[in-house]
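The values are calculated or read from the model by the stated rules, or taken from the named source; none is laboratory data. Computed from a predicted structure; not experimentally measured. Ideal geometry is used to build each Cβ from the backbone, glycine not excepted, and the neighbour counts take in all protein chains shown.
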Amino acid sequence: MKKIVIVFLLSILGAGLIVAAAPKIEVDNATLDFGEVREGDLVTHTFILSNAGDETLVIEKVNPWCGCTTIPSLSKTELAPGETAQLEAVLDTAGLGITTINKSITVYSNDPETPELLLRMKGTMKQIEIQAYQISIADFYYYFYLLIDLRNPEDYAAGHLMGAINIPYAQLEEWTDRLPTRVFMILYDEDGSLSDQAAQTLEEAGSYEAKSLFGGFDEWTRRYKDKFVFVSSEVEDPK
């Protein structure tokens, strides 16, 4: 009889240990108080998430509860016990029209005790009036794009679209870790063939928003001649 009782108790204890082994989500600071900002400013912050449990923590979803808040990056979604992850949050104060800001972000995970972790970004906003001749940083960020000329340096110097940077197609792979992610990019070469391949490659990478200029530089000059075309040789040496 004693053996049965002991076995029964051990089975209960074992079950308790199994239940006790679980992931546990923690954050370095659940609330960011960023103080006072000007209307139109971008508030960026990186929350450090960690797994203080005994099983793998899976971050299933991150949900900002306002269109003004975005999550540009989450360094990893699965954390072994003791591991950490960086969650980047960006709050755009443009057009909020309020004085007191209190925005929340919910992190959903497989933590049985805290399946929904609430993060907050709060502060106050000093409203300023943007003049007709000014543009806010937030608006500039929204309109920002990157124009990339994939031709060789000689062709680029002979004439390229104003504002374009030169990254020869053969060197594009070396630049992928330096190109900004989630920024709209327009690529072009002579006729669009190489830029088509480059845009598809970047899009397939998953974090780039790249488009190929249909017809390339040839099509541009056919339609618009030399409008917005800059010739590097036109710049005189200041010496």
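Apart from one condition, ASP92 fits all of (1) over 27 Å from TYR208 (Cβ atoms); (2) in contact (Cβ under 8 Å) with a residue 24 or more places away in the chain; the exception is (1).
Determine whether the range 116-132 contains at least one residue that is surrounded by 12 or more Cβ atoms within 10 Å (Cβ to Cβ), more than 25 Å from the chain's Cα centre (by Cα) and not polar (S, T, N, Q). Looking through the range 116-132, at least one residue is surrounded by 12 or more Cβ atoms within 10 Å (Cβ to Cβ), more than 25 Å from the chain's Cα centre (by Cα) and not polar (S, T, N, Q).
In the range 185-210, the qualifying residues are those that are more than 15 Å from LEU146 (Cα to Cα) and small (Gly, Ala, Ser), and the one that is modelled with the lowest pLDDT is GLY206. Identify the residue in the range 169-184 that is in contact (Cβ under 8 Å) with a residue 24 or more places away in the chain and out of contact with any helix residue (DSSP H, G or I) (no Cβ under 7 Å at 6 or more places or on another chain) and, among all such residues, is farthest from LEU146 (Cα to Cα). Of everything passing the filter in the range 169-184, THR176 is farthest from LEU146 (Cα to Cα). Residue count for the range 28-49 under the criterion of being in a strand (DSSP E or B), more than 20 Å from the chain's Cα centre (by Cα) and not charged (D, E, K, R): the result is 4. Note on the range 17-61: residues that are of a type in the set (Ser, Thr, Tyr) and closer than 20 Å to THR99 by Cα amount to 2.
Restricting the search to helices (runs of 4 or more DSSP H) fully inside the range 120-206 and requiring at least 1 residues that are outside the structural domain of THR70 (by TED's automatic domain parsing) and within 27 Å of LEU32 (Cα to Cα) gives 137-143. Only residues that are over 18 Å from the mean Cα position of the chain (by Cα), crowded, with 16+ Cβ neighbours inside 10 Å and touching a residue at least 60 places away in the same chain (Cβ under 8 Å) were counted in the range 102-115, giving 3.
Out of all the residues in the range 138-167, which are surrounded by fewer than 18 Cβ atoms within 10 Å (Cβ to Cβ) and free of Cβ contacts under 8 Å to residues at least 24 places away in the same chain? If the condition is that a residue be surrounded by fewer than 18 Cβ atoms within 10 Å (Cβ to Cβ) and free of Cβ contacts under 8 Å to residues at least 24 places away in the same chain, then PHE140, TYR142, TYR143, ASN152, PRO153, GLU154, GLY163, ILE165, ASN166 are the ones that fit.
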